[in-house]
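Structure record follows, encoded as structure tokens.
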Amino acid sequence: MVESFINYLQYEKNYSPLTLRRYGESLREFEAYFRMKDDGLRWDNIDADIIRDWMGQLMDNGEKATTICCKLSALRSFYRFALARHLVEKDPAHRIQSPHKEKPLPQFVREEEMNRLLDDVEWSDDFEGVRNRAILMTFYETGIRRAELIGLDDGMLDLAQQQLKVTGKRNKQRIIPFGKELKETLQCYLKVRQQEVKSSTVAVFQSRKGERMTQAQVYNVVHEALTLVSSLKKRSPHVLRHTFATAMLNHEAGLESVQKLLGHASLATTEVYTHTTFEQLKRVYEKAHPRADV
């Protein structure tokens, strides 16, 4: 039955070799479990309790919830296949609830690392050097997404008012303020861009050829820069978005204000960053508790 199912996935559904291997391993692992538990058990007389016992053993063995969910997904697919072909009379897996997946905490660059990157690293004064620092500064000071930065046009940038307009998810527009330092950084970049690049686009951030930058180009700029100051495994533009949110909350910005700046539809999405405000909590404790400084 397992071989028939794997053949079905391979030849009729065109699943990848990696998925075929994972499904096969999960099903054979479960089969070994229930045959060891009771040699009278077969695929067609398994009940939901056996599956739950198996999942419990996986948890006891330290398997992550994500891994267990993948194994359960293979089992569900197998039983749907077997039921449709009348190889079994019931599907014991369809009502099994998946274990709760823990959401990974957002990674962020520490404040002192960002200060080192923007203040201490020697950036070249040619077009790429000035542009790359401006990109990093824009991400860090506004928290915008990579697609929003790429989509910035000159007309969306108001240096006099120190604000920019971005079009986010579901075409929702929002206006984001920024500080004097970013204003000066962007003024410098735009001046160098005008002198050194023959533009063929109205995009704010352009390649040396005068074209709107691509997602890969922006990613590479951020990745290479963060490598200079951070040991994070993930060094992407989205990490800088996390870094912006973390810095704002650690410096006592309200959660709803950060939500609006980030363009989150739900406050619950923004709340994932509150774990990073421990430093603020510590400062409040040390100021308020009568025995904190003893």
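The values are calculated or read from the model by the stated rules, or taken from the named source; none is laboratory data. All values derive from a computational prediction rather than experimental measurement. Here the Cβ positions follow ideal geometry from the backbone for every residue, glycine too, while neighbour counts run over all protein chains shown.
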Check: Of these, Phe108, Phe81, which one is aromatic (Phe, Trp, Tyr), under 30 Å from Glu181 (Cα atoms) and surrounded by 11 or more Cβ atoms within 10 Å (Cβ to Cβ)?
Finding: Phe108
Note to self: Test of understanding: among Glu31, Glu3, Glu12, which residue is of a type in the set (Asp, Glu) and either within 17 Å of Thr67 (Cα to Cα) or crowded, with 16+ Cβ neighbours inside 10 Å (or both)?
What the structure shows: Glu31
Check: Considering only segment 12-55, how many residues are polar (S, T, N, Q) and under 28 Å from the mean Cα position of the chain (by Cα)?
Finding: 3
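Just one of Leu18, Leu58 is surrounded by 15 or more Cβ atoms within 10 Å (Cβ to Cβ) and of a type outside the set (Val, Ile, Thr); which is it?
Leu58
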Notebook entry, point to check: Hey, among Ala93, Ala74, Ala82, which residue is over 23 Å from Ala247 (Cβ atoms) and either touching a strand residue (DSSP E or B) at 6+ places or on another chain (Cβ under 8 Å) or in a loop (DSSP other than H, G, I, E, B) (or both)?
Noted result: Ala93
Margin query: Looking only at segment 215-232, how many residues end up being touching a residue at least 60 places away in the same chain (Cβ under 8 Å) and either under 16 Å from Val109 (Cα atoms) or more than 19 Å from the chain's Cα centre (by Cα) (or both)?
Written below: 9
Margin query: With the structure loaded, tell me whether Gln217 is of a type in the set (S, T, N, Q), in the same structural domain as Arg116 (by TED's automatic domain parsing), over 22 Å from Arg235 (Cα atoms) and part of a helix (DSSP H, G or I) or whether it fails that test.
Written below: no
Note to self: So in segment 8-43, with the set limited to residues that are assigned to a helix (DSSP H, G or I) and among the hydrophobic types (A, V, I, L, M, F, W, C), which one is nearest to Ala84 (Cα to Cα)?
What the structure shows: Leu9
Notebook entry, point to check: Is segment 177-190 home to any residue that is acidic (Asp, Glu), in contact with a helix residue (DSSP H, G or I) (Cβ under 6 Å, 6 or more places away or on another chain) and in a helix (DSSP H, G or I)?
Noted result: no
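Anything in segment 149-185 that is of a type in the set (A, V, I, L, M), surrounded by 14 or more Cβ atoms within 10 Å (Cβ to Cβ) and in contact with a strand residue (DSSP E or B) (Cβ under 7 Å, 6 or more places away or on another chain)? List them, or say none. Reasoning before the result, please.
The initial filter retains those residues of segment 149-185 that are of a type in the set (A, V, I, L, M), namely 149-150, 152, 156-157, 159-160, 164, 166, 175-176, 182.
Now drop any that are not surrounded by 14 or more Cβ atoms within 10 Å (Cβ to Cβ), which leaves 149-150, 152, 156-157, 159, 164, 166, 176, 182.
Hits for segment 149-185 are Ile150, Leu152, Met156, Leu157, Leu164, Val166, Ile176.
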Next item on the list: Identify, by number, the condition in (1) surrounded by fewer than 17 Cβ atoms within 10 Å (Cβ to Cβ); (2) out of contact with any Phe, Trp or Tyr (no Cβ under 8 Å at 6 or more places or on another chain) that Glu113 doesn't meet.
Entry: (1)
Check: Leu118 is checked against (1) without any contact (Cβ under 8 Å) to a residue 24 or more places away in the chain; (2) surrounded by fewer than 17 Cβ atoms within 10 Å (Cβ to Cβ); (3) aliphatic (A, V, I, L, M) and fails just one. What number does that condition carry?
Finding: (2)
Note to self: I need the full set of residues from segment 44-69 which are polar (S, T, N, Q), at pLDDT 90 or above and part of a helix (DSSP H, G or I), in order please.
What the structure shows: Gln57, Thr67
Check: What residue, among those in segment 75-112 that are farther than 17 Å from Gly56 by Cα and in contact with a Leu (Cβ under 7 Å, 6 or more places away or on another chain), is modelled with the lowest pLDDT?
Finding: Gln107
